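*Asks:* Got a structure here, written out as structure tokens. Questions coming.
The numbers here are math on the coordinates, done by the rules we state, and not lab data. Nothing here was measured: the structure is a model prediction, and the numbers come from that model. Here the Cβ is made from the backbone with ideal geometry for all residues, glycine too, and neighbour counts use every protein chain on show.
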Amino acid sequence: MAMSCAEMKCLRESMGLTTKWLARRWNVSEFSVQRWERNRPLPNELEQDLQKLKTMFDLEVDQAAQTTTGSLIVPRTDAESPAGLPSAWHRAVAQQAAQRSGVHIIYRDSE
């Protein structure tokens, strides 16, 4: 069953992704991404990519929750962010991992 507009937006937000970031990734206008979240079905290949991102996200959360002791270090800005993903992605991963494991989250520049 195809992802609803609301499911798409919730999924995007839960991973710390912006409409602007997805638009760049998918090589479409930001307006197109916003329209898919409002009232248009997301094309199948883009839905598959969003699901792939969710799988990556969940794997990162699992890895961080299982292997981190002490503190999780997150980037404060996109310029500090590794792997071409926005800093909000890494903070969302850390928040979920911290919920599971009880570790603290700190910014990279406050080590």
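*Asks:* Residue separation times 0.36 nm, minus the C-alpha to C-alpha distance between ASP109 and ASN44: what's the value? Intermediate results must be reported in sequence, preceding the final value.
*Replies:* Numbers: separation 65, 0.36 × 65 = 23.40 nm, distance 3.98 nm.
Working it through step by step, the gained length comes to 19.4 nm.
*Asks:* For the pair THR77 and ASP62, how long in nm is the line joining their label points, each one 7 Å along Cα→Cβ?
*Replies:* 3.5
*Asks:* Could you tell me which of SER81, GLY16, SER71 has its Cα farthest along the dipole of the chain towards the positive end, charges placed at Cβ (Lys, Arg +1; Asp, Glu -1), taken about the Cα centre?
*Replies:* Of the candidates, GLY16 comes out farthest on the positive side.
*Asks:* Tell me the angle of helix 5-14 to the major Cα principal axis of the chain, expressed in degrees between 0 and 90 and rounded to the nearest ten.
*Replies:* So the helix axis and the longest Cα principal axis differ by about 20 degrees.
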